[in-house]
Amino acid sequence: MTPQKDFFLRNIWYYGLPGSRLKRGKMLAKTLLGEPILFGRRQDGEVFALRDICPHRGIPLSCGRFDGKEVECSYHGWRFDGEGNCTEIPALVEGQTLDLKRFGVNSYLVREIQGNIWIYMSDRQTDRDLTMPEPEMDPPRVAEFGDRPYQFLETVHFPCFVDHAVVGLMDPAHSPFVHRAWWWRSEGNFQEQARLFVPSLYGFTMARHKIDIVTPMYRLLGGGRVPETEISFQLPGIRIEELRAGESIITNLTAVTPLSETETEVNFIAYWNVPWLGALVPLLRPFAKAFLHQDRRVVVQQQIGLKHNPPLMLINDADTQAKWYYQIKNEFFRAVAEGRKFENPIKERVLKWRG
Ligand code: FES
Ligand SMILES: [Fe+2]
């Protein structure tokens, strides 16, 4: 089975939202993969997600109220719990018994890990199917930080289809042009690079190596030492970069999530065990923002050309990771469609580029 040109992967965990944005007793509406979703956090701290459409007359449930346990629809007051079960229909009089099970709303599997709320976007959202099997995969997790939440988060919206944001994120040849700045890359600072890549869970990993273009930012983060780095990518659009200098570890997780066909959210999340780094956050935040906005700017400009639907090119080896992304995305799609296990098509290989 061949997928269409632009498609969203299903039956996989997506980044939903940062846990800190959802307080106890509150709900928050968000569109993911074009689907309206209502996230809520019960008074006991548990997070849930429901389809944000009342099964009675279609009004968003987010227009209603939440008492920390149940959502009450704003139109006729039907009530739903976090699993999507209808618990009350106020218009019924005594003796009018309806089987409330028939009036539930679709719910989504959610997990909160290391400060992030992940949501499993299955391909079975149209039927309310409470017997849906647990997914075989777990949501992504960064190593070495246990259950600790992140220390840094920055969110940016890119006005493009998800693939362009993912490909931009893993593109090794754009840095000297897009991220040209005194604190990151100076003009003409080009180097030939050779990196070993190995297949890894639902993706591939650039094996651990010493950083060879030591920008002022890396120098600062390494505390004078040249850090080592390892970067992994996994579907649907998760990049985890670990930076180590001695005992110091700084890990960032970047999650690229499609909100719709034309809008993609990028969450840049960081964890570290370097005590002094926390004090620098107010200083570093503008740089992180500027960096992400450099990527956003090219995506905005790219959209001007993409409107004309030009054929696009991927060259070796600079764009090999982008090729791999499309290969693993298509393989995942086929594996789901054929009801079989994902077989990683990536083979161990050294990629070379100038960047
Ligand atoms: S539309 Fe929600 S209760 Fe009627
Ligand atoms: Fe970039």
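The values are calculated or read from the model by the stated rules, or taken from the named source; none is laboratory data. Quick caveat, the model's predicted, so the values are computed rather than measured. As a convention, Cβ positions derive from the backbone with ideal geometry for all residues, glycine included, and neighbour counts pool all protein chains shown. Keep in mind that these areas ignore ligands, DNA and RNA; they rest on the heavy atoms of the full protein, side chains included. Shrake-Rupley method; radii C 1.70, N 1.55, O 1.52, S 1.80 Å.
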key: FRET efficiency for R65 and F190, using Cβ-Cβ distance with R0 set to 35 Å, rounded to 0.05   = 0.05
ask   = Among I328, I37, I89, whose mean-square fluctuation peaks in a Gaussian network model of the chain (Cα, cutoff 10 Å)?
value = I89
ask   = Which of W276, T262, Q303 sits farthest toward the positive end of the charge dipole of segment 152-354, with +1 on the Cβ of Lys and Arg and -1 on the Cβ of Asp and Glu?
value = W276
ask   = For segment 12-121, which whole percent of the accessible surface, found with a 1.4 angstrom probe, sits on carbon and sulfur atoms?
value = 47 percent
Inter-probe distance in nm under a simple model that places probes 7 Å from Cα toward Cβ, at E228 and K323 = 3.0 nm
query = Taking the Cβ of K341 as the center, what net charge do the other residues with Cβ under 12 Å away carry, scoring Lys and Arg +1 and Asp and Glu -1?
reply = -2
remark   = Between L314 and V281, the FRET efficiency computed from the C-beta separation at R0 = 25 Å comes out, to the nearest 0.05, as 0.10
ask   = Can you list the residues, at least 5 places off or on another chain, whose amide H is less than 5 Å from the amide H of S200, using H built in the peptide plane?
value = T205
ask   = Most mobile of L92, L314, L292 per a Gaussian network model of the chain (Cα springs, under 10 Å)?
value = L92
request  = Could you provide, to the nearest whole Å², the per residue accessible area of the chain with probe 1.4 Å?
outcome  = 50 Å²
Placed amide H near D317: partners under 5 Å, 5+ positions off or other chain = K352
query = Which whole-Hz couplings ³J(HN,Hα) result when phi for each residue of segment 19-30 is put into the Karplus expression 6.51 cos²θ - 1.76 cosθ + 1.60, θ = phi - 60°, listed in order with x for Gly and Pro?
reply = x, 5, 7, 10, 7, 4, x, 10, 10, 8, 8, 8
task = Step through the residues of segment 226-236 one at a time and calculate ³J(HN,Hα) from phi using the Karplus curve (6.51 cos²θ - 1.76 cosθ + 1.60, θ = phi - 60°), rounding each to whole Hz and writing x for Gly and Pro.
result = 7, x, 9, 9, 9, 10, 10, 10, 9, 5, x
message = Quick check for me: using +1 on Lys/Arg Cβ and -1 on Asp/Glu Cβ, what's the dipole size of the chain about its Cα centre, in debye to the nearest 20?
response = 820 debye
query = Taking a 22 Å limit on the Cα-Cα distance, which of the listed pairs K323/K352; K210/K289; K5/K323 fall beyond it?
reply = K210/K289
ask   = How many nm separate the modelled label positions at H293 and R102, each set 7 Å beyond the Cα in the direction of the Cβ?
value = 5.5 nm
key: Solvent-free Debye scattering, log10 I(q)/I(0), computed from the Cα coordinates of segment 12-121 at q = 0.15, 0.17, 0.21, 0.23 Å⁻¹   = -0.59, -0.74, -1.08, -1.26
message = Tell me which DSSP H helices of the chain clear both cut-offs, 15 Å or more of axial length from alpha-carbon atoms and a mean Kyte-Doolittle hydropathy of at least -0.5.
response = 277-306
query = Of W182, A29, N316, which is farthest along the charge dipole of the chain in the positive direction, counting Lys and Arg as +1 and Asp and Glu as -1 at C-beta?
reply = W182
query = Given H placed on each backbone N at 1.01 Å, which residues far from N116 in sequence or on other chains put an amide H within less than 5 Å of it?
reply = G19
note = Taking a ≥ b ≥ c as the square roots of the Cα gyration tensor eigenvalues, with a/c under 1.5 meaning rounded and otherwise prolate when a/b beats b/c or oblate if not, the chain comes out prolate
Extended-chain gain in nm, criterion 0.36 nm per residue less alpha-carbon gap, V93 and S20 = 22.2 nm
ask   = Rounded to a whole number, what % of the accessible area of segment 152-354 do carbon and sulfur atoms account for, probe 1.4 Å?
value = 57 percent
